[in-house]
Each structure stands twice: as C-alpha cells, then as structure tokens.
Amino acid sequence: MLKLTEDLLKKEPEGLAVEFVKHSEKEKITSTQIRKFYDDLVLLQSKVRTGVNFEEKILPLIRMTEAKIAYSVGRRVLAKLFYDRISQYIQRIQTREDFDNFILFYQAVIAYMKFEEIKFELEKKDLKQINMEKQGFQNNYSYSRGGARR
C-alpha cells in the first residue's frame, strides 16, 4: 500500500535521488534512463482511466515493469541499486490508488534526480576549479576587440 503523504512525495524521492546520483559514479543511473520506465507506467495509467480492470489487466503489467528494470540491470545499462529501491515500491502497489500514488512518487524521483545531477555537476566543476587554482592554474586571459589577447 502506498499512502499519499508528504514523505512519499518529498522526503523519500529526494533521498533516493541523492543516493542514485552519488552511486552513478560507480554504476549508471541517470534521470534519462529511469524516465524510460516512467513513460511505460504512464501508458498503463492511461489504460486504467479507460475502465480496464486494474487487478486483472494492469497490475500484472506493472509487475512486468519490474522485470524490464531487472533486464536493464542484467544488460549493465542500469545499476542494480535502482532495481533494489524501486522494486520495493512496485511491490507495494495493490490498488489503482496505490498506482496513482506511485506515479506521483516516480515523477518526484525523476524531478529530484535532474536537480541532483545538475547540483552534482556544479560541485564537481567547483572542485576542479579549486584544485586548478591550488596548483597555480589561473585563467589570466582578457579578451577585447574581436578576441585578441592583451
């Protein structure tokens, strides 16, 4: 069961995003990769809205998404950590309401991932600049009038 709470939409996805981005230096986990699975889930959600029986027709396909994630891990295009964390949430889906809440949760994970990726890149650039300055490398070039050096 997935209850719609502030933790489900803020604290948990933000924590996962931080964990995924930090882990992505070892194994691949990017917001682009996880968005692919989100798109599949949104298609299933649109089928639910057409009145299809959730338990018989949709829930098995949601479980299939877990298998698709496992396949990506097996192909080494996605880190096992992502499978381990997301499958815990997929297993909690029992009703249409749980599924709708999971979709919102997943949206939040993607959003925080994008934010954390940018934040992480900026931190890496700042550290690189600091290290270069410590080693005596500085950009002393001034350009004016067509790019000529002074």
**Asked** Given the structure, is residue 103 of a type in the set (Val, Ile, Thr), at pLDDT 90 or above and in a helix (DSSP H, G or I)?
**Response** yes
**Message:** Can you find a residue that is at pLDDT 90 or above, of a type in the set (Phe, Trp, Tyr) and under 23 Å from residue 8 (Cα atoms) anywhere in the stretch 60-81?
**Reply:** no
**Request:** State which residue pairs qualify: first residue hydrophobic (A, V, I, L, M, F, W, C) and inside the stretch 117-134, second residue surrounded by 11 or more Cβ atoms within 10 Å (Cβ to Cβ) and at pLDDT 65 or above in any location, beta carbons under 8 Å apart, and separation of 6 or more residues or different chains.
**Result:** 120/21; 120/22
**Prompt:** Can you pull out the residues in the stretch 69-90 that are charged (D, E, K, R) and closer than 16 Å to residue 103 by Cβ?
**Reply:** none
**Message:** I need the full set of residues from the stretch 12-25 which are in a helix (DSSP H, G or I) and touching a residue at least 40 places away in the same chain (Cβ under 8 Å), in order please.
**Reply:** 12, 13, 14, 16, 17, 18, 19, 20, 21, 22, 23
**Prompt:** Residue check: is residue 43 within 18 Å of residue 8 (Cβ to Cβ) and either at pLDDT below 95 or part of a helix (DSSP H, G or I) (or both)?
**Reply:** no
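Okay, residues lined up against (1) within 13 Å of the chain's Cα centre (by Cα); (2) buried (at least 16 other Cβ atoms within 10 Å of the Cβ); (3) part of a helix (DSSP H, G or I); (4) modelled with pLDDT of 95 or more:
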{"residue": "27", "(1), (2), (3), (4)": "no, no, no, no"}
{"residue": "36", "(1), (2), (3), (4)": "yes, no, yes, no"}
{"residue": "50", "(1), (2), (3), (4)": "no, no, no, no"}
{"residue": "98", "(1), (2), (3), (4)": "no, yes, yes, yes"}
{"residue": "113", "(1), (2), (3), (4)": "yes, yes, yes, no"}
**Complete:** Residue hits (the stretch 71-85; surrounded by 14 or more Cβ atoms within 10 Å (Cβ to Cβ) and without any contact (Cβ under 8 Å) to a residue 60 or more places away in the chain) are 72, 73, 78, 79, 80, 83
**Request:** Kindly list, by first and then second residue, each pair from a residue in the stretch 44-62 that is touching a residue at least 40 places away in the same chain (Cβ under 8 Å) and closer than 14 Å to residue 90 by Cβ to a residue that is in a helix (DSSP H, G or I) and among the basic types (Lys, Arg), limited to pairs with Cβ atoms under 7 Å and residues at least 6 apart or on different chains.
**Result:** 58/47
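The values are calculated or read from the model by the stated rules, or taken from the named source; none is laboratory data. As the structure is a computational prediction, the values presented were derived from the model and not from experiment. Positions of Cβ are backbone-derived with ideal geometry, glycine not excepted, and every protein chain shown enters the neighbour counts.
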